[in-house]
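Just below is one structure, and these are the notes that go with it.
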Amino acid sequence: MVKSVGAAGLERIELKRQIERIGRLFTVLQEAEAAQTPAAGAWLPAVDVCETTKAICVRIELPGVSVGQIKIALTSDRLRVYGDKKKRAPRQRIISHLCSERSYGRFDRVIPLRWTISVQDATAELSNGLLFIHLPKIRDRRGSEFRVAIQDLNPDV
């Protein structure tokens, strides 16, 4: 026998679903804020994230930064690019700066990854102040069925 749910029961179920959705949205917003909040004295380089059918492409503006000053850390769910942009020693004695708009010091960008990527096949190139990171996608196999071979440990029985 199936018990029918009244209007009040349906409203409670829908309210519970909405609360779960808001909770998930809040979690995503917290992750995004944490990824964008620089540490004291740090600066945030500009980032572009693009998706193609086969890869995720990340471009980061790092003018005046050399390869040795950049570190890239990659996990299955996030990409972290961090380092330190050093001030160049002045060639001639400067009395005072009239205007200085360039950023120096530590930088740290964390990009959450919502795709299934191949961590081992990721590549990075630095050219003319642009860091280009190529993250190949792999086919998501969640929900797929795989056959597991069974090994017979008692072949004589």
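Consider D108 carefully, then state whether it is at pLDDT below 90 and assigned to a loop (DSSP other than H, G, I, E, B). Spell out how you get there, then give the answer.
Working: at pLDDT below 90: yes; assigned to a loop (DSSP other than H, G, I, E, B): no.
When the stated conditions are applied, D108 does not pass them.
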Output for Cβ contacts, cut-off 7 Å, separation at least six or different chains, first residue more than 8 Å from V58 (Cα to Cα) and touching a residue at least 60 places away in the same chain (Cβ under 8 Å) in segment 127-139, second of a type in the set (D, E) and in a strand (DSSP E or B), reads G129/E61; L130/E61
Those residues of segment 102-131 which are surrounded by 14 or more Cβ atoms within 10 Å (Cβ to Cβ) and touching a His at 6+ places or on another chain (Cβ under 8 Å) amount to A122, A124
Looking across segment 22-52 at residues that are farther than 28 Å from K85 by Cα and among the β-branched types (V, I, T), the single one that is modelled with the lowest pLDDT is V28
Given the conditions (1) of a type outside the set (K, R); (2) in contact with a Pro (Cβ under 7 Å, 6 or more places away or on another chain); (3) modelled with pLDDT under 90, every one holds for A89 apart from (2)
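The values are calculated or read from the model by the stated rules, or taken from the named source; none is laboratory data. Computed from a predicted structure; not experimentally measured. Note: ideal-geometry Cβ built from the backbone for every residue, glycine included; neighbour counts use all protein chains shown.
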